[in-house]
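**Q** Sharing a structure below in structure tokens format, with a few things to ask.
Please treat every number below as a calculation from the coordinates, not as lab data. Every value quoted in this text rests on a predicted model; they were computed, and no experiment measured them. All Cβ positions, even for glycine, are placed from backbone atoms using ideal geometry, and neighbour counts span all protein chains on display.
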Amino acid sequence: LEELAEVSALYSGGYLEGKSYDWAVGMRTQLESYFKKIQYQLADEHCARGCMDKALQALERALECDPCDEESVMRMVNAMLLNGDHSSATKVYRKYEKTLMDELGISPSKKFPSLI
């Protein structure tokens with residue numbers, strides 16, 4: 001768990017973020033994917049240990065990479081529901097729903113209504 005946290009702390013944003021180097025897009029995407037997987041592992045470990053605040057922090061960091069990432073949002077909503085925080089889970093979902101509509105013009109997948 002400590003090693004995952006240390007690796008997570010090293011990530012400070014997208015590779016060459018803000019630069020329009022076409023050659024960097026693949027590496028940026030791959031590093032972001034690795035980072036999110038680490039955040040998911042951290043969240044799973046913290047959940048298993050009953051440390052829901054730390055689990056939610058890890059998921060928030062994953063969501064900061066891509067506010068439209070369904071898996072990050074779904075994991076956060078599930079963690080909040082497991083923690084008995086239906087109100088926060090609903091707020092996260094509503095924010096995600098608005099972000100998807102504003103940025104991409106789409107609605108969330110049908111998986112969410114069964115959770116919220």
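**Q** What is the one condition in (1) part of a helix (DSSP H, G or I); (2) of a type outside the set (A, V, I, L, M, F, W, C); (3) exposed (fewer than 13 other Cβ atoms within 10 Å of the Cβ) that residue 109 does not satisfy?
**A** If we test residue 109 against (1) part of a helix (DSSP H, G or I); (2) of a type outside the set (A, V, I, L, M, F, W, C); (3) exposed (fewer than 13 other Cβ atoms within 10 Å of the Cβ), just (1) comes out false.
**Q** Now a separate question. Can you pull out the helices (runs of 4 or more DSSP H) entirely within the stretch 32-105 that have at least 2 residues that are touching a helix residue (DSSP H, G or I) at 6+ places or on another chain (Cβ under 6 Å) and more than 26 Å from residue 1 (Cβ to Cβ)? If you could, list the steps in order and put the result at the bottom.
**A** Working: elements: 52-65, 70-82, 86-104.
By residue number, 86-104.
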